[in-house]
Amino acid sequence: MNIPYETGRRTPGGPARIDQGFRGGAGAFTLIELLTVIAIIGILAAILIPVVSSVRDSARAAECTSNLRQTVNVLHVHLSDHDGVFLSGQASDGTGNRQDLQWGHVLENSRAIDPNDIEIFFCPSQLAVRRDGGYPGQATPVHLASIWGWRTYGYNMYSDEVREISGATSSGNSMFRLNVNAIREPSLYPVFMDSVDDRGVQRFLIAGPRAGDGRGGGVHLRHNDRANVAFLDGHVEAADQHRLRETGLTSGYDARENVVTFPRTR
């Protein structure tokens, strides 16, 4: 507390002069100074927060690109082990027991990928539920019987490039039995992509050219109005609406998960 005190000082030829001050007052801030500092901090925060958010989003987009590149490489391991035959987006054992396998589960079971590396199947920018019901990064088991929790990148189950679909499961779900040699231009054939469904989580398949076809999911433009897409030749693009239309997709979800129709031409 600042306590008033008096100091006496005698001047030559005159009476002592009384000076009044405040103990400890030399280093104190005035109210105006404090308000000025607070205002400066607020201005700096307003400038830095969007920058930090943008940097974080860019880092996540870069990680997503890396994940997709590794995922399509894992697919090529599967293709080489299965005479070039694509895996099914969702297959059944044909027994009627509903033991369905999503594509990530198939790649894990076939040992095309180390089970400890399955985090590459999930985009860091979107809610992604693992097969155990947990989230990537949680210290929980990942090898449980139920597979319906997988919310991975969307696997292309539709393309104008190749439309041959054969076989059916006991549950009526179509199974893709396409050979990689049937793809005329691998650099134009999308395999995996950012996806989302109407519940706000990633969707493991792209069932048709329009958002919501068949399974309620679609391609998701969540990285600065673009979707990261991995093509069969191994390259990954940040595809805008025009580019997605060129791949055969006609609509998808924007960053706010509203359905948008892709324009036909640039």
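Points worth noting:
- The modelled label-to-label distance for the pair S58/S187, using points 7 Å beyond Cα in the direction of Cβ, is 2.7 nm.
- A dipole drawn for region 194-251 from +1 and -1 charges on Cβ atoms has a positive end, and of V236, L221, L205 the residue lying farthest that way is L205.
- About the centre of its Cα atoms, region 223-264 shows a dipole size close to 120 debye [charges on the beta carbon of Lys, Arg (+1) and Asp, Glu (-1) only; nearest 20 debye].
- Nearest-0.05 FRET efficiency for A46 and N224, computed from C-beta distance (R0 22 Å): 0.55
- Among 246-259, 197-210, 72-85, sorting by the average number of other beta carbon atoms lying within 10 angstrom of each residue, highest first, gives 197-210, 246-259, 72-85.
- Distance in nm between pseudo-label sites at S66 and E246 (7 Å out along the Cβ direction from Cα): 2.7
- Taking 0.36 nm per residue of separation and subtracting the Cα-Cα distance, full extension of the segment from T36 to D198 would add 53.6 nm.
Taken together, the values in this text are just the output of simple stated rules run on the coordinates, not laboratory data. In this text the structure is predicted, and so the values were computed from the model without any measurement. Here the Cβ is made from the backbone with ideal geometry for all residues, glycine too, and neighbour counts use every protein chain on show.
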